[in-house]
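A quick write-up on the structure given underneath.
The values are calculated or read from the model by the stated rules, or taken from the named source; none is laboratory data. Please read all numbers here as calculations on a predicted model, not as lab measurements. No Cβ is skipped: glycine too gets one built from the backbone with ideal geometry, and neighbour counts run over all protein chains shown. The accessibility values were calculated without ligands, DNA or RNA, using every heavy atom of the protein model including side chains. Shrake-Rupley method; radii C 1.70, N 1.55, O 1.52, S 1.80 Å.
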Amino acid sequence: GELAVNEAIALVAHIFINNQNPIISLFLKRIARVESDLGRHPSTFRTGYFGGIWQVDRIGFEETKNVRSHPNLATLHKKIKEKFTRGGLPGVDWSKTTWENCTIPAYSCVAARLYLATIPEQIPDTLEGQARYWKRYYNTAAGAGTEQHFINANRDCKDEL
């Protein structure tokens, strides 16, 4: 639900401190809303699919580990190792995570954020711009969602994190 989404986004903000953080946090919230109704949609945790609340597909998840194609990921992986701790355990080594870990909201959100980091274009700050960006890069032409669906899912929402 919304609490798990907000906690996961707060963790991502803690790990990936940067000057675009408010826009990224808002966009992550909007993605969670449109992709899974904040984890409440019945197909969010369907059998054989492990994308979690942010519905990170296996191909997208694997791209979050592809430091050869996306050298900027190495720095982000280091930040995860330093700041993503669970239950007092040492930091998470992203290279050892699996797509199945994304059923845990924090992992799904981190995967979504890492995937966004592989896209060179900046995230727009308007709802309409984010709808276009989401459709082009996140949901893609293969996805069933539309820009209007993104806008409708997020138009009347108070986006407090």
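Laid out as a table, the results:
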| read-out | value |
| --- | --- |
| Whole-percent carbon and sulfur share, accessible surface of the chain, 1.4 Å | 53 percent |
| Entries in 29/65; 78/135; 96/135 that, when Cα-Cα distance is taken, lie over 25 Å | 78/135; 96/135 |
| Cα-based shape type of segment 35-136, given that a ≥ b ≥ c are square roots of the gyration tensor eigenvalues and the cut on a/c is 1.5 | oblate |
| Cα→Cβ-extended label distance, 7 Å offset, between residue 58 and residue 23, nm | 3.4 nm |
| Probe 1.4 Å, accessible area per residue of segment 60-161, Å² | 55 Å² |
| The chain, relative contact order in percent, only Cα pairs under 8 angstrom and at least six apart counted | 28 percent |
| Burial order of peptide ranges 141-150, 73-82, 48-57, 21-30 (average beta-carbon count within 10 Å, highest first) | 48-57, 21-30, 73-82, 141-150 |
| Protection-proxy order for peptides 63-69, 106-112, 132-138, each taking the mean of Cβ atoms within 10 Å per residue, highest first | 106-112, 132-138, 63-69 |
